[in-house]
1. Using square roots of five times the C-alpha gyration tensor eigenvalues, list the equivalent-ellipsoid semi-axes of the stretch 23-113 in whole Å, biggest first.
2. Need the full-extension length gain, Arg19 to Ala67, defined as separation in residues times 0.36 nm minus the C-alpha distance. One decimal, nm.
3. With no solvent and one point per C-alpha, what does the Debye sum give as log10 I(q)/I(0) for the chain at q = 0.08, 0.12 Å⁻¹?
4. Give, in nm to one decimal, the length gained when the segment between Lys132 and Glu31 is fully stretched (0.36 nm per residue of separation minus the Cα-Cα distance).
5. Just how far, in whole angstrom, is the stretch 152-192 from the stretch 80-119 if you go by their alpha carbon centroids?
6. Using a 7 Å offset from the Cα along the Cα-to-Cβ direction at both Lys52 and Tyr190, what is the distance between the two label points in nm, to one decimal?
7. Cα to Cα, under 16 Å, and not fewer than 8 places away if on the same chain: which lysines meet these conditions relative to Lys153?
8. Tell me, what is the Rg over Rh of the stretch 112-185, with Rh the Kirkwood radius over Cα pairs?
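Read-outs throughout are calculated quantities, based only on the coordinates presented, and are distinct from any laboratory measurement. The shown structure was predicted, so the numbers you read here are calculated from the model rather than taken from an experiment. Ideal geometry is used to build each Cβ from the backbone, glycine not excepted, and the neighbour counts take in all protein chains shown.
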Amino acid sequence: MAATNSTMLELGTEAPAFRLPSATGGTVSLEDYPDASAFVVMFICNHCPFVKHVRDGLVKLADDYQAKGVAVVAINSNDWSAYPDDSPEMMEKEAREFGYPFAYLYDETQEVAKAYRAACTPDFYVFDARRKLVYRGQLDASRPGNDVPVSGKDLRAALDALLSGESGVSEQRPSLGCNIKWRPGNEPDYYK
C-alpha cells in the first residue's frame with residue numbers, strides 16, 4: 001500500500017464549488033446546505049485500506065456533527081476504469097452496507113479533486129459557514145496496523161473549535177492514505 005500525504009491547502013481558501021452525482025441518486029453541491037454551520041468535505045474511496053480502517057469512525061463522526069448542523073459529504077475521485085471497486089455501483093453498495101449518513105459523490109472528471117488539491121484517501125477539509133477553509137489534514141493518528149484507536153480526534157477538535165467560536169486548531173497534521181488514482185495523463189501538477 002503506497003502512502004501519500006495530503007497537500008495542506010492554504011487556510012482561508014474558499015471552498016471550491018461542485019455539483020456531483022451521488023452514489024445513491026441525484027446530485028449534491030455545497031449550495032444544498034445553505035444553513036450549515038460548517039462543511040466537512042472528505043475524499044475517500046472503497047478499496048483503500050486507510051479508508052477501510054476509519055470507515056466506522058467516519059460514520060460516527062458524521063452522525064455526531066450532522067446533528068449539530070454540520071454538512072458532511074464524501075467524494076470519490078478515483079479512476080474507476082482502472083479500479084472497478086470504486087465504480088458508482090460499488091459506491092452505492094458501500095454506502096448502503098456501511099450506512100453512510102452523508103452523501104457519497106463521484107468526481108468522474110477528477111476536476112473537483114484538483115480544485116481541492118486532494119492527493120490521498122482519506123483527505124479531510126473543514127470550512128466555516130462562510131465556506132473558508134479552517135482545517136485540512138488527518139482524521140486522527142490511527143493508521144492500519146499502528147494500534148492507535150480510530151477516534152477522529154484531530155477533525156473533531158477542529159469542528160469543536162469552530163462550533164464554539166474559537167479561532168481554530170493551531171496544529172494541523174497532513175492526512176496519510178492511498179494516492180488518488182488519477183486517469184493516465186490527468187495527474188495534477190501538484191501531485192507529480
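1. On the way: eigenvalues 90, 48, 24 Å².
Three semi-axes, in Å: 21, 16, 11.
2. Values: separation 48, 0.36 × 48 = 17.28 nm, distance 2.34 nm.
Answer, rounded to one decimal: 14.9 nm.
3. Debye output, listed in q order: -0.22, -0.51.
4. On the way: separation 101, 0.36 × 101 = 36.36 nm, distance 1.42 nm.
Going from the current span to full extension adds 34.9 nm.
5. Using only Cα atoms, the two centres lie 17 Å from each other.
6. Each label point lies 7 Å from its Cα, and together they span 2.9 nm.
7. By straight Cα distance, Lys153 reaches Lys60.
8. Working: Rg = 13.7 Å, Rh = 13.5 Å.
That ratio is 1.02, to two decimals.
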